[in-house]
Number of protein chains: 2
Amino acid sequence: MPDTPDIPALRPDPIRATDDAARALARDLIANARFGALGVIDPETGFPAVTRIALGAGPQGGLWSLVSGLSAHSRALRADPRAGLLLGEPGPKGDPLTHPRLSLQVEARPLPHSDAGFDATRARWLADHPKARLYIDLPDFFFVEFMLLGGRLNGGFARAYRLSPADLAP
Amino acid sequence: MPDTPDIPALRPDPIRATDDAARALARDLIANARFGALGVIDPETGFPAVTRIALGAGPQGGLWSLVSGLSAHSRALRADPRAGLLLGEPGPKGDPLTHPRLSLQVEARPLPHSDAGFDATRARWLADHPKARLYIDLPDFFFVEFMLLGGRLNGGFARAYRLSPADLAP
């Protein structure tokens, strides 16, 4: 996108100092996420691509997904594990842009079926996502853990915060 | 993400042949989008980053947003206009992963305040987003049109389609 020199940036930087309320809101969005928007880099085009994925916790918490190896996003993550995740879905009422959301910078780590922790991860996922029983054992499905590298919390208009991995840890 | 050689891809490619029903669903998701998840490449880190933005039509249709020049996503689009957009937000009930959604490959084009079409774009935006009156005239806000380069429609489990720009045009 070319520069837009006729559009000056006159307002001050809208990032606020991170406080305990911002940390608590971000951790709550992570702990309660059941789905989110995953951003990856399409290995064929280099474009960012955004898809909806299921989210949940692993046996020791954290942020996990169960994905199909046939999906475009899993092919992209095999080529480049760097990703973005948007959590915090707006409800049916009100302005979606005033609903709190968290944009996470993450790195995806797949969990092989042969890993010692696989059975506990599968059990935890099914406890939280009972409908996943329909496809969890298809051979192309696998678990991915998202390592949290940082985040930007938007609590509504002009309420923005930058969060470190320590801010995001429970 | 390293290869996961113990996870074979045994199911066939789940992409179906694009038909008129898929085209109609995709065009409907575009025409009715009021917000979506934007994926950009963070110019500082190279990571994909996903944020929620407002969406709407311009005077001649298309897919537009009104964004702040102070936002992380507009800084990213200035450095690289390639983006992804996820449309189709799940409702409050049912499985979010069975709700139809469209992952678009787009290129962002800013509309300078000095453009001859600015007033018509502003009027159309306010007609569809009356609450934007609170910030539409702040000097850092500007319109972006997303040129549609392609899309992937997911109509639910194993109902995936690839869509060309012609498939997406009304």
With no solvent and one point on each alpha carbon, what is the Debye value of log10 I(q)/I(0) for the range A:19-168 at q = 0.09, 0.11, 0.19 Å⁻¹?
-0.29, -0.43, -1.20
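Could you work out the helix-only [θ] at 222 nm for chain A, with each DSSP H run of four or more residues adding -39,500 (n - 2.57) and the total divided by the number of residues, to the nearest 500 deg cm²/dmol?
-5500 deg cm²/dmol
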Taking the label point 7 Å from Cα in the Cβ direction, how far apart in nm is B:Asp115 from each other copy of itself, listed shortest first?
4.5
For chain B, set up a GNM with springs between Cα atoms under 10 Å and report which of B:Ser68, B:Ser103, B:Ser114 has the largest fluctuation.
B:Ser114
Which loop trypsin sites (Lys or Arg not before Pro) in the range B:51-108, with loop taken from DSSP, have no more than 13 other Cβ atoms within 10 angstrom of their Cβ?
B:Lys93
Over chain B, what is the relative contact order in percent, taking alpha-carbon pairs closer than 8 angstrom and at least six residues apart?
26 percent
Using Cα-only point scatterers and the Debye equation, what is log10 of I(q)/I(0) for the protein assembly as shown at each q in 0.07, 0.08, 0.14, 0.16 Å⁻¹, rounded to two decimals?
-0.28, -0.36, -1.15, -1.50
Within 10 Å of each Cβ in peptide B:50-56, how many partner chain Cβ atoms are there on average? Round it to a whole number, please.
6
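What is the sum of charges, Lys and Arg at +1 and Asp and Glu at -1, for the other residues whose Cβ falls under 13 Å from the Cβ of B:Arg122?
With Lys, Arg at +1 and Asp, Glu at -1, the neighbours total -2.
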Rg/Rh for the range A:8-80, where both radii come from Cα atoms and Rh is the Kirkwood radius
1.10
Taking Lys and Arg as +1 and Asp and Glu as -1, residues besides A:Leu86 with C-beta under 12 Å from its C-beta add up to +2
Among B:Leu85, B:Leu134, B:Leu102: highest mean-square fluctuation, GNM of chain B, C-alpha pairs under 10 Å
B:Leu134
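No value in this document is a laboratory result; all are computed from the given coordinates. Note that the structure is a prediction, hence the values are computed from the model and not measured. FYI the Cβ positions are ideal-geometry reconstructions off the backbone, even for glycines, and counts take in every protein chain you see.
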